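Written below as structure tokens is the structure these notes are about.
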Amino acid sequence: MIMMGRQQPQKELFSYQIDLDQRVRADNPLRQVAAAIDFSWARAEVASTYGYNGNVSVDPVVIVKLMFLLFFDDVRSERQLMELVPERLDYLWFLGFGINDPVPHHSVLSKARSRWGGPVFEKLFMRTVAECVRAGLVDGQKIHVDGSLIAAHAADKSIVDGPPELVAALRQACQEQTAKLTEACPVPAPQGAANQTHVSTTDPDAELARKRNTPSRLSYKHHRVVDNAEGVITAQDTTGGSVPEDGQLFGLIQKHELNTTVVVETAVTDSQYGTVENLLACADQGITAHLADLQTARRGQGQPALFAPDRFVYDAATDTYQCPAGEKLRRYQRKTNKPAWEYKAPRRACSQCPLRAQCTTSKRGRHLQRYDRQEELDRLRLVANSRAAKKDRRRRMHLMEGSFADATNCHGFKRARWRRLWRQKIQNHLIATCQNVRILIKNRPRSLPAAVAAPTLPPSSRSEPPARLPTVDQPWSRN
């Protein structure tokens, strides 16, 4: 059993050594970090993971600060961080060390992560959101949502393939072994045919995924919400790389509302989220959906320039569509995976139609689908393609892409430092924390006294999100 220690940052009464308060300049960024964020809450948060006798540990506040520094300055490794601490007077001041105090061994950080688990670092991120809200940097009503792939810390040669049953059993065995050592987070079943038959022996949680026109690689996917006002990251989640982005939208909205206590009015996304299901669900929850339409985006991504669905005129009296050539498309069958009907023209009529090359490439002829809420869906698509929506999506490119670029350039976002999903979640919590702290101190007064005291923060989250209609389950597949 390990007894929890406590670092004493008070200056020595009689000292003939260097006074760090005098040596660290007043506008040092770490002074502003200490003024913006209170790390002392970590001691009470992790107290249950320590005993009451045995060896005295490093102060949990020091450990959290060390983890923060690792990503705040994008230090290459924990070992290198411990080598830098004695050389950096501002690091010593920030940690509450004296000039001659011994520096902890780098293994202290990995042991603390295993002992504490991910929730401690998630709460650290949530406290930065609370401070940004308090500082007036979060509007909360308009949000931008996106996801980005992160290269896993595993080589392609670690991938083995086999029958789906064998691969699933291997993943389960790895999860059980991890649970013996730490409180690992549950890992959802991977998606995609490749991940059913392939698994990495180095990092079984990483999944094969790829961007357009790039080869598949072992990856995780980070999903985040950026507020419209100053680009503050208000909610986030990390999944396997094969998880579709559109299914994460409403979970992120709920987290945003929980962290900011503000109800979302407008959601802005790219076409990955612009599915029929998300458009209708936004309408059900009273959210203005400035989502780029996935159907329109697909027509512009290398698919043949065929007649768009709006070229077919619907007649409610006869429940038929009329194509540009004047042929009728009649109701054919009910879709099994979505609330919609399928309409088609006679195969013979399509095969002899002079406009066939402009209408369809299918041997079965042209097919259309009509949702039960088609009139409402058409109105929502008009809103999603309005001038205001396009303006918001241009700003989304600036805020969201800028947020990911900043995380990559300043905090090592694009490459996983550790293995397993629960550790990747910790990495992303710390990176988002660093970004929010930088936004916070950028908007604080630059002149600070030589010695600053960290403020006492209020609770950073509520027991439940703000009142709104319940989130709609989405059992349908993407349109």
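Mind checking which residues of region 240-277 are among the polar types (S, T, N, Q) and in contact (Cβ under 8 Å) with a residue 60 or more places away in the chain? The answer is Gln248, Gln254, Asn259, Thr260, Thr261, Thr266, Thr269, Gln272, Thr275. Flag: Gln272 matches the condition of being touching an Asp or Glu at 6+ places or on another chain (Cβ under 6 Å) and part of a helix (DSSP H, G or I). Got a number for residues in region 100-133 being assigned to a loop (DSSP other than H, G, I, E, B) and aliphatic (A, V, I, L, M)? The total comes to 1. Just one of the listed residues (Gly140, Gly147, Gly136) is assigned to a loop (DSSP other than H, G, I, E, B) and touching a helix residue (DSSP H, G or I) at 6+ places or on another chain (Cβ under 9 Å), and it is Gly140. Residues that are assigned to a helix (DSSP H, G or I), among the polar types (S, T, N, Q), in contact (Cβ under 8 Å) with a residue 40 or more places away in the chain and not assigned by TED's automatic domain parsing to the domain that holds Ala432 are absent from region 79-96. Within region 51-84, being aliphatic (A, V, I, L, M) and more than 13 Å from His105 (Cβ to Cβ) holds for Val56, Val61, Val64, Met67, Leu69, Leu70, Val75, Leu84. Scanning region 194-249 for residues that are out of contact with any strand residue (DSSP E or B) (no Cβ under 9 Å at 6 or more places or on another chain) and either of a type in the set (A, V, I, L, M) or surrounded by 24 or more Cβ atoms within 10 Å (Cβ to Cβ) (or both) returns a single hit, Pro204. For Leu20, the requirement of being closer than 22 Å to Leu124 by Cα and touching a residue at least 12 places away in the same chain (Cβ under 8 Å) is not met. Is there a residue in region 278-299 that is in a strand (DSSP E or B), touching a residue at least 24 places away in the same chain (Cβ under 8 Å), in contact with a Cys (Cβ under 7 Å, 6 or more places away or on another chain) and within 30 Å of Phe250 (Cα to Cα)? Within region 278-299, one or more residues are in a strand (DSSP E or B), touching a residue at least 24 places away in the same chain (Cβ under 8 Å), in contact with a Cys (Cβ under 7 Å, 6 or more places away or on another chain) and within 30 Å of Phe250 (Cα to Cα).
Here's the yes/no breakdown for (1) farther than 19 Å from Glu131 by Cβ; (2) not acidic (Asp, Glu):
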site: Glu376; (1), (2): yes, no
site: Val383; (1), (2): yes, yes
site: Lys390; (1), (2): yes, yes
site: Arg395; (1), (2): yes, yes
site: Met400; (1), (2): yes, yes
site: Ser403; (1), (2): no, yes
site: Gly412; (1), (2): yes, yes
site: Arg417; (1), (2): yes, yes
site: Leu440; (1), (2): no, yes
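Going by the structure shown, is Ala135 in the same structural domain as Thr260 (by TED's automatic domain parsing), under 30 Å from Thr288 (Cα atoms) and modelled with pLDDT under 95? In short, yes.
The values are calculated or read from the model by the stated rules, or taken from the named source; none is laboratory data. Note that the structure is predicted; figures quoted are calculated from it, not measured. Every residue, glycine among them, receives a Cβ derived from its backbone with ideal geometry; neighbour counts consider all protein chains shown.
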